[in-house]
Structure formats: C-alpha cells, structure tokens
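The values are calculated or read from the model by the stated rules, or taken from the named source; none is laboratory data. What you are looking at is a predicted structure, and each value in this text was computed from that prediction instead of being measured. When we count neighbours, we look across all protein chains shown, and the Cβ atoms used for this are built from the backbone with ideal geometry, even at glycine. Ligands, DNA and RNA are excluded from the accessible area calculation, which covers all protein heavy atoms including side chains. Shrake-Rupley method; radii C 1.70, N 1.55, O 1.52, S 1.80 Å.
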Amino acid sequence: MALKGLDIFKLSPKKNCKECGSPTCMAFCMKVAQGAVDISACPYFSEDAKAQLSEATAPPMKTVKVGAGDAELTLGGETVMDRHEKTYVSKTRYAVALCNCMDDATIDAKIAEIPKVDYERIGERMFVEAIYVNYAADGQSDYVELVKKAAALNRVLILGCTDASVAKAALAVCKDCKPVLNGATAANYADMNAVATEAGVVLGVSGADMNEIYDTVKALEGLGNKNLVVDTTGATVKETFANTVQLRKAAIKDNDRSCGYPSIVNLVKVAKDDMHLQAALAAVLTIKYGSIVVMQEMTYAEALPLYGLRQNIFTDPQKPMRVEPGIYPLNGADENSICLTTVDFALTYFLVSGELERSGVPVNLIISDAGGLSVLTAWAAGKLSSSSIEKFWKEQDIEGKVKNRKLIIPGKVAVLKGEIEAKLPGWEVIIAPKEAVQLVKFLKDMQANGEA
C-alpha cells in the first residue's frame, strides 16, 4: 500500500512552519507522499525517520546506476505502467553482444562497427551505450582479453558470466568502469554476490523462470544486496516478453519491491541470428519495459528507427520535442539559395526537411522559435506571427547571413504574407502548399521557372 501524507506527518517533528520556518507541515507531507518533493528538504526530520520514509516513498522500481564517468547510465526509477499515466523515467539502453567464442577477426570487426552508430537527433546523442561480453566455457584468458578490448570503447560493460572465478578475473581489469555482472543464478548466487559486492558492481540475476528468479532475488536481498538487475530472457520470445511485463507489473501494480529492479533482455538468445526479428523485438521491448536490450549487432539502418521510437516513447508527452532554432542549409544550399521558414516542432521539422531533401533543390530552412508548437497552434497562440519572425530575423542576423530575399512561408498561415512583407522590407514572401508532401513539386516547378 502506498504511503499517505498522514503516515509521513505522524513521523514529522510537528514543528509550526509559521514560527520556525520549517517546511514540515501537512501540506509538505502530502507533497512527499505524491513524490513532488524529497523528504530531505526538511531539516527537522530525524535521520531515523528520513531513512524509513526514503525507502517507503522511493519509486516502486529501484533506480540503479551503472557505468562510470561520461558512460554512466541510469536504469529503473519507473513509477507507471503506461506512458500516458505520467511519464517514463529512464530510457531503454541498447547493447551489442560480444563473446569469447568468436574468432579474433569477428571480434575486431564488431568492435570496429560499434562507434559508427553515433549521431545526434533533436539534441540527443544516439549511440550504442553498452556492450554485452558473454563468457563461453574454457576460455578464461581469452575472456579477460575480450573484456579489456570492450572496455577500451568507454561504454557500459555487461559481463555475461556465471563462473565466479572467471567473473572475478574479468572484474579485476574493468571494475573501475562499474560494469554489470550478469551471472547470479539459484545455484551460484552466494558466490556471485561475494564477487559483485567486493568489486562494488551491480549484479544481474537470471533463472529458469520468474519463480526461480524471484526466489534468487529474495535470497540476495537477505544477504543485503539490493544493487540488482533482473535478466528476464526466457527460452522463447513469448516467455521473454511475459517475464519482462510481469516484472514491471508486480513492482508497480502489486508494490512488490523484490520485483522492482531494471531488466536485461538478451535478444541474441531468443532471436538467434535473425536480425529482422531482433530489430522488431527491440522495438517492442522499448515500449514494454526493457531497461537494457542486447542485440547481435547495431547498424545505422537498425538504429535510426529504433532510436527515433525510443526518443518518442521517453519524451514527456507534456513537453513537445523541439529542434534548435537557426538556419539549416539543405541540398548544398548557400547564402544565395532561397529561404523557407517553419516552426521548431520536431515533427514539423522532420516532415518538411525530408520533403525538401527529396526535392533536391538547394534551400535554406530557417527554423524559428515557436515554443515547440505546430504551425497552426503556434499561429493561434501568437508564437508564429510577423512580429515573431521579425524579432527572430534580427536576433539571428538572417539578413547578414543570407543574400537571397525570397522567403517561403507555410501555406496554412498564408494570411501572414502581407504582414511579413511589411515587417521585412525587401523580402518577397511566397506561400507554400498546405501539405509538406506537395513541396517537392512546388520547389521543382520554381526551379524550372528560374525562381529558386
């Protein structure tokens, strides 16, 4: 049962806020219960009370940090089953699998490919964030060398190893980068717990089914270790999906904190060498609760739609995605190329820029600051007007950067044509079609007539 404001108030020092300035009051306690403020904001709670309340008011899914320095990632911390209820907290992370069972040429080729997926989209870096290093029996020295190679990429490492002695040898060369040791089972959890605790790293738990995993987690918690992740990979795709959903549901709906840990899903095991199936499952598990999704490989073609999906899913639905305002030269455009302006709403940008690129006509796409709203919404809210465009032109010194004086505006705000021409003397304002898909023909016709 969730902690209520009254429960927190009973543990408070009952100071009078008006007299002592303490934030401790019923209103404050209600906010703590709702997760709006942290209990540490009040200096008057005893350390004992803070300890009790911090655990009781923590998210049903534990927040776990893995990696070190620039490579550190946050997993878990989730409070809802569905994005529309509130928002998701920690985005799904993608890992590429390596194994000491591979030959040197294959390993070197895969390691060389990993840095190639690294680009920026709407202010967010998209890259392979983790490497799953799997141990195949009878190869301790090879495994340690492979871990060294993987560590050199400065990504979060996940050591897939159930042999305690091999895991200890591998951690000796990489524990400073705070990897995940994914190797605890019902048979070895005590030994693996000792290895992980000594190295100060997160321990991954797996098992034959969710019942066995649950019992192992409880046993590890009994040993004092709650720095865990759960490997929900099953024998089949169906079982893997069911395990991952069941883990989240038990934590959030049933408030069972022994299920409240981030998940690792290894698609290499369930999809084998079928890369199309792996890509499809990665998309499904991005939506349905995979904290770390492991794939055989990650190419740019696979990354582009997958990271785009992740960005949409893990963006606060109340805060629209925006692109940075400025000038975006497309198709080799220069200062003499025609200009086209639209708003900074990310979806509008990608629709418009995609059609502009498809036209092949050099265009300076000028993105103005419209508060992340779509064209008509921005116009209705006064965020897209002749005055806002004039202001943006001056702030960005558009006339100093562009010599062409033809400006194409969105067809849905054709009413602004006269006002913009009055605000921007010397500029010819051209009204674009109402739909982005019509821009290709529109621009090609302009080019054919010598207007662009």
| request: Take peptides 387-395, 242-250 and line them up by average Cβ neighbours within 10 Å, highest first, as a rough protection proxy. | output: 242-250, 387-395
| Among 434-443, 141-150, what's the highest-first ranking by average C-beta atoms within 10 angstrom per residue? | 141-150, 434-443
| field | Per residue, in Å², the accessible surface of the range 57-178 once ligands and nucleic acids are set aside, probe 1.4 Å | value | 44
| query | Using a ≥ b ≥ c from the Cα gyration tensor of the range 241-397 (square roots of the eigenvalues), is it rounded, prolate or oblate, where a/c under 1.5 gives rounded and otherwise the larger of a/b and b/c decides, a/b for prolate? | reply | oblate
| request: Distance between Cα centroids, the range 98-125 to the range 392-407: provide it in whole Å. | output: 42
| With a ≥ b ≥ c the root eigenvalues of the C-alpha gyration tensor of the range 47-204, is it rounded (a/c under 1.5), prolate (a/b larger than b/c) or oblate? | oblate
| field | Test item: Cα-centred dipole of the range 279-413, Lys/Arg +1 and Asp/Glu -1 on Cβ, debye | value | 340
| request: Please tell me the relative contact order of the chain in percent, rounded to the nearest whole number, where contacts are Cα pairs under 8 Å and at least six residues apart. | output: 11
| request: Take the alpha carbon gyration tensor of the range 255-316, find the square roots of its eigenvalues, order them as a ≥ b ≥ c, and report rounded if a/c is under 1.5; if not, report prolate when a/b exceeds b/c, else oblate. | output: oblate
| said: In Å², and per residue, what accessible area does the range 220-370 have when probed at 1.4 Å with the other protein chains present? | reply: 41
| Ranked highest first by the average count of other Cβ atoms within 10 Å around their residues, in what order do 118-124, 168-174, 319-325 fall? | 168-174, 319-325, 118-124
| Span per principal axis, largest first, for the Cα atoms of the range 175-269 (Å) | 35, 31, 25
| message | Please report the equivalent ellipsoid semi-axes of the range 331-416, computed as sqrt(5 x eigenvalue) of the Cα gyration tensor, largest first, in whole Å. | response | 20, 16, 10
| note | Taking protein heavy atoms only, a 1.4 Å probe, and rounding to whole percent, the accessible area of the range 382-452 owed to carbon and sulfur comes out at 48
| Got a number for carbon plus sulfur as a percent of the range 61-179's accessible area, 1.4 Å probe? | 46
| request: Give me the distance between the Cα centres of the range 338-367 and the range 294-315, rounded to whole Å. | output: 24
| So for the range 112-209, what are the equivalent ellipsoid semi-axes in whole Å, largest first, each being the square root of 5 times an eigenvalue of the Cα gyration tensor? | 26, 15, 12
| note | For the range 243-298 the mean separation of alpha carbon contacts under 8 Å (6+ apart) over residue count, i.e. relative contact order in percent, is 39
| task | For the chain, state the semi-axes of the equivalent ellipsoid (square roots of 5 times the eigenvalues of the alpha-carbon gyration tensor), sorted largest first and rounded to whole angstrom. | result | 48, 33, 18
| said: Taking θ = phi - 60°, what integer Hz values does the Karplus form 6.51 cos²θ - 1.76 cosθ + 1.60 yield along the range 90-101, in sequence order, with x for Gly and Pro? | reply: 10, 5, 4, 10, 10, 10, 9, 8, 10, 8, 6, 7
